[in-house]
Structures are given as C-alpha cells and as structure tokens.
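Working notes, beginning with the structure itself.
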Amino acid sequence: MKIILDFDYTLFNAQDFKQALRDRFSLFGISSEQFDDSYFTIKQQLGYYNYNKHLKMLAQNNKINENDLILSFQEIVDSAREFLYPDSLFFLKTIKNIPDAFIYLLTFGQDKLQQSKIEASGIKKYFDKIIDTTNSKMDLLKIDRNVSDIVIINDRGKEIDEIKQQLPPVKAIWLRRPYSLYFNEGCRQKDFEASTLSEALSFIKTFINNKD
Ligand SMILES: [Mg+2]
C-alpha cells in the first residue's frame, strides 16, 4: 500500500506559521497587510512563492536591511517543528510501522520555503520518498501504474476531486481540520472524511483489513 500525504494543513499548520512570520516582521514596521499583499504579488508574478524575492521587496519598500529580514525569516523557518499539528508525529510513526507500506510526501519543488519547512520540521525520516511536483499534484501518476492500493490524504477537496477524476481507484481521505483554510472548499469524490489524522488512521486500518 502507498500512502500519499500532503504537507500544508495536513501535517503542518501553515496558518499559524504564516502568522508567526507576520508577527516577527511587524517588529520591523511591516504591517500584516503589506506582508500579505507582497506575498501574493510575488506568487502571482512567478506562479509560485519565492521568499528571496519577497524579502527583497519588503526590505526595499521599507528601507530595511535585507539581511536582518533574512535572519528573522530563517529563525521562524527553523522553528517549523512547532507548527506540526499535535497528531502529526504520532500518525507518521504509526503508518511507518505498517508492513509493506510506502509513505510519500507531495510537495512543490520550486517553492524553496516549502522545502525548508519540511526539512526543519524534522519529518523527512518518516517518508520513503518526497515527490516534488512542478505543476500539479496529478504528478502522483508518476509513482506507479497500479493505483488501486494508493491512499491519499489532503485538506484540499478540490485537489481530491481532480485526482479522483483521473484515477478513480485511488482512495481519498479528505482531511477537514476545524478552522483550516480550506475547510469549506467542498469535496465531491472523497472516500472518507476525517477531522483528525487519528480518524484517517482508522480508515486506513479498515482499508487494509478489507484487502486481506
Ligand atoms: Mg494542503
């Protein structure tokens, strides 16, 4: 069996992490609004987020030493482990011990911040493979032609619907954490809805038992 996990809002509280960055940058006189606006500008310009460009823009617009921003930014990134959800580590340890299970993490390759967050959160060791996608999470097609024993866990209902459209045999768990950013996005093609990773785990166990 292959278990494919998403990172932001599945294992990692990206909302709280971003808020920590906003709070830190407010010490330099950068407002939350300015932080968000420039964040989206960069993302729109490039199609993905690049923190070097973001920090450069903020430094220039506020006449701040760029290196000071980089150091502060790095400090928050280094504390990424604090932003894992309380059930993430237990879940990862448990699925790692499922016999014959391969655990994958899906991430966007061009986004260096994403890479740094994953690295600093200390969870890399729980994965057999990190899959860097460039355009779409559909890249999981590259894993294997046999998709009947794939379970995906994702907070984005939309992404699940896209994947199920292409690969109906994939089992999809829509992780709907309370207060999470995409809580109300909707998901038509989920096989199971969970509000915690413990609930997701019970679905995985049922799935394994039914296969035997
Ligand atoms: Mg996500």
| remark: How many residues of the range 180-202 are free of Cβ contacts under 8 Å to residues at least 40 places away in the same chain and away from the ligand (no atom under 16 Å from the Cβ)? The answer is 6
| task | Report yes if residue 76 is β-branched (Val, Ile, Thr), more than 14 Å from the chain's Cα centre (by Cα) and surrounded by fewer than 16 Cβ atoms within 10 Å (Cβ to Cβ), otherwise no. | result | no
| query | Yes or no: residue 104 within 19 Å of residue 130 (Cα to Cα), among the aromatic types (Phe, Trp, Tyr) and crowded, with 17+ Cβ neighbours inside 10 Å? | reply | yes
| request: Test residue 108 against the stated conditions and say whether it is within 15 Å of the ligand (Cβ to nearest atom) and either in contact with a Cys (Cβ under 8 Å, 6 or more places away or on another chain) or more than 18 Å from residue 181 (Cα to Cα) (or both). | output: yes
| said: Just checking: which of the helices (runs of 4 or more DSSP H) contained wholly in the range 1-101 hold 1 or more residues that are at negative phi and within 16 Å of the ligand (Cβ to nearest atom)? | reply: 14-26, 32-46, 88-96
| note | Scanning the range 152-179 for residues that are within 13 Å of the ligand (Cβ to nearest atom), surrounded by fewer than 20 Cβ atoms within 10 Å (Cβ to Cβ) and either assigned to a helix (DSSP H, G or I) or not charged (D, E, K, R) (or both) gives 158
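Bear in mind these aren't lab numbers, they're just calculated from the coordinates by the rules spelled out. Quick caveat, the model's predicted, so the values are computed rather than measured. For neighbour counting, all protein chains shown are included, and Cβ atoms are generated from backbone atoms with ideal geometry for every residue, glycine included.
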